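Heads up, the thing below is written out as structure tokens.
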Amino acid sequence: MPRAAAEPAAPWALPRVVVAAPASGHGKTTVATGLLAALRRRGLTVSPHKVGPDYIDPGYHALAAGRPGRNLDPFLVGADRIAALLRHGASVPTPADIAVVEGVMGLHDGAVGRRDFASTAHVARLVGAPVLLVLDTTAQGRSAAALTMGMAAFDPAVRVGGVILNRVGSARHETLLRDALAEVGVPVLGAVTRAAEVAAPSRHLGLVPVAERAPESLAIVTALAELVEATVDLDAVLDLARTAGPLTTPAWDPVAAVGGPAGVGRPRVALTGGPAFTFSYAETAELLTAAGADVVTVDPLRDPTLPADARALVIGGGFPEAYAQALADNATLRAEVADFDGPIVAECAGLLYLGRSLDGVPMCGRLASTARMTDRLTLGYREAVAVTGSPVAHAGEAVRGHEFHRTSTDPGHGDAPAWRWNDTAHGFVAGRVHASYLHTHWAGHPDAARRLVEACR
């Protein structure tokens with residue numbers, strides 16, 4: 001008998017707001033993380049989200065909200081999945097009272113050469129949410145109103161519903177700014193002085209991830225909550241979030257995305273975690289579980305062996321260069337990874353870990369490559385085609401991903417490359433190993449999870 005059509009999802013009046021700015025560096029992460037923590041301290045269940053591919057900000061969001069921080073990136077997963085992924089993230093493990101979405105770069109800055117595609121404005125339209133604009137007001141007076149007016153008028157489909165003034169110099173400066181914003185009819189929902197700023201430590205790829213400094217990170221999030229409570233009108237933010245219309249798109253479903261379990265039994269898949277490997281999207285584990293895997297975490301810094309009965313290994317991104325000697329010192333795990341006969345999927349940090357050495361320090365030696373730190377930041381979206389069939393992609397399959405690293409490998413690819421983009425081969429497929437610098441979001445190509453689970457069998 002033909003399968004009955006699924007019932008349409010009931011509309012959900014989920015309050016939601018997008019925290020944006022005219023450019024990077026205005027304080028989006030400070031305000032978004034502080035809002036998440038402050039609203040949670042009010043007893044609300046808050047769903048945290050981040051526009052773009054970044055892994056680090058969602059870690060702070062997760063600490064503030066007490067549930068996974070999730071990315072909303074139209075380039076990586078497709079524009080048609082954004083509202084569905086928002087609804088999914090706001091639904092599990094329990095329905096949220098409000099969703100807070102932190103933007104990326106400037107409000108209207110999209111993927112290079114694609115106008116505003118994958119921009120904060122694009123995502124705000126896709127999820128039907130008002131924008132709360134964070135303004136760095138350093139050395140700025142009435143012009144802040146002109147800037148806000150221009151940001152709001154540039155795309156009439158994006159509704160700027162309020163402003164948070166950041167780095168305000170004095171009470172007089174705040175009065176000047178508030179008067180100017182009143183002239184253009186945009187309400188000021190908060191003002192943060194320069195003296196009150198709370199900063200998280202950073203290094204060569206941005207903020208230091210939460211997992212690397214958990215006690216200090218918790219203190220920072222607590223300070224951000226107190227900062228927002230003291231400087232932002234939370235009731236006004238909630239009122240703004242409630243102006244968002246109902247979500248009518250059904251929630252993204254990982255089981256439907258992979259087509260259900262791949263065969264019988266539950267093969268165990270080890271997924272790296274811990275301070276050296278913090279880059280992983282929450283949907284990766286969900287898709288593997290939906291495809292029939294038993295997903296367990298392994299920390300290459302501390303665990304002497306892989307989990308018992310592991311049939312596959314997924315090594316995500318992170319900062320192995322900051323922990324190279326500690327990774328090398330865990331020689332028993334390195335040896336086990338070198339001899340592991342199940343499928344291995346490695347992205348960026350995983351690529352470095354599988355090589356012979358990193359900055360002269362021994363790694364697993366599973367790949368005939370060496371890696372070193374460089375002064376050059378490689379960053380950007382990539383449209384890639386699989387060159388060689390592997391546990392996660394058919395040869396010829398097109399995927400979208402991104403690069404984010406300051407390292408290089410020698411050689412840059414093997415005899416059987418993993419991908420090709422910009423007319424250049426990248427990465428390695430060696431036996432059952434697939435490794436490259438390319439980060440992918442498996443919600444954009446969920447067959448990767450199913451293929452990996454099938455490869456375990």
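The values are calculated or read from the model by the stated rules, or taken from the named source; none is laboratory data. What you see is a predicted model, and the numbers here were worked out from it, not measured in a lab. Cβ sites come from the backbone with ideal geometry, for glycine too, and all protein chains shown count toward neighbours. All accessible areas refer to the heavy atoms of the entire protein, side chains included, with ligands and DNA or RNA removed. Shrake-Rupley method; radii C 1.70, N 1.55, O 1.52, S 1.80 Å.
Annotations for the structure displayed:
- Among the residues making up the range 137-174, a single one is part of a helix (DSSP H, G or I), in contact with a Pro (Cβ under 7 Å, 6 or more places away or on another chain) and either closer than 12 Å to ALA121 by Cβ or among the hydroxyl-bearing types (Ser, Thr, Tyr) (or both): MET151.
- Looking across ARG213, ARG194, one residue alone is open to solvent by 70 Å² or more (accessible area, probe 1.4 Å) and either over 22 Å from ALA236 (Cβ atoms) or modelled with pLDDT under 95 (or both). It is ARG194.
- Among the residues of the range 388-417, those that are at pLDDT 95 or above, touching an Asp or Glu at 6+ places or on another chain (Cβ under 9 Å) and charged (D, E, K, R) comprise GLU397, ARG400.
- The single residue among GLY89, GLY59, GLY43 that is in a helix (DSSP H, G or I), small (Gly, Ala, Ser) and modelled with pLDDT of 95 or more turns out to be GLY89.
- Condition check for HIS426: crowded, with 19+ Cβ neighbours inside 10 Å and in contact (Cβ under 8 Å) with a residue 60 or more places away in the chain: no
- Members of the range 70-88 that are open to solvent by less than 30 Å² (accessible area, probe 1.4 Å) and without any contact (Cβ under 8 Å) to a residue 60 or more places away in the chain: LEU72, PRO74, ILE82
- Per-region count, the range 137-173, residues among the acidic types (Asp, Glu) and either at pLDDT below 95 or crowded, with 20+ Cβ neighbours inside 10 Å (or both): 0
- Number of residues in the range 376-410 that are small (Gly, Ala, Ser), surrounded by fewer than 21 Cβ atoms within 10 Å (Cβ to Cβ) and within 27 Å of LEU333 (Cβ to Cβ) equals 1.
- Any hit, the range 112-130, residues being under 19 Å from VAL46 (Cβ atoms) and without any contact (Cβ under 8 Å) to a residue 40 or more places away in the chain: no
- Filtered by the rule that a residue be under 13 Å from the mean Cα position of the chain (by Cα) and of a type in the set (A, V, I, L, M), the range 28-72 gives VAL51, ILE56, ALA62, LEU72.
- Single unsatisfied condition, ALA285 versus (1) without any contact (Cβ under 8 Å) to a residue 24 or more places away in the chain; (2) surrounded by fewer than 18 Cβ atoms within 10 Å (Cβ to Cβ): (2)
- Scanning the range 55-69 for residues that are surrounded by fewer than 24 Cβ atoms within 10 Å (Cβ to Cβ) and among the aromatic types (Phe, Trp, Tyr) yields a single hit, TYR55.
- The residues of the range 66-83 that are among the basic types (Lys, Arg) and either at pLDDT below 95 or in contact with a Gly (Cβ under 6 Å, 6 or more places away or on another chain) (or both) amount to a single one, ARG70.
- Members of the range 248-284 found to be of a type outside the set (S, T, N, Q), within 20 Å of the chain's Cα centre (by Cα) and either over 21 Å from SER91 (Cα atoms) or part of a helix (DSSP H, G or I) (or both), listed by number: PRO254, ALA257, LEU271, GLY273, GLY274, PRO275, ALA276, PHE277, PHE279, ALA282, GLU283
- Test: residue in the range 240-247 that is in a helix (DSSP H, G or I), open to solvent by 50 Å² or more (accessible area, probe 1.4 Å) and either on the phi < 0 side of the Ramachandran plot or at pLDDT 95 or above (or both): no
- Whichever residue in the range 349-375 is under 24 Å from the mean Cα position of the chain (by Cα), of a type outside the set (Gly, Ala, Ser) and at pLDDT 95 or above and, among such residues, is surrounded by the fewest Cβ atoms within 10 Å (Cβ to Cβ): LEU354
- Against the list (1) open to solvent by 40 Å² or more (accessible area, probe 1.4 Å); (2) closer than 22 Å to GLY110 by Cα; (3) not aliphatic (A, V, I, L, M), the condition HIS441 fails is (1).
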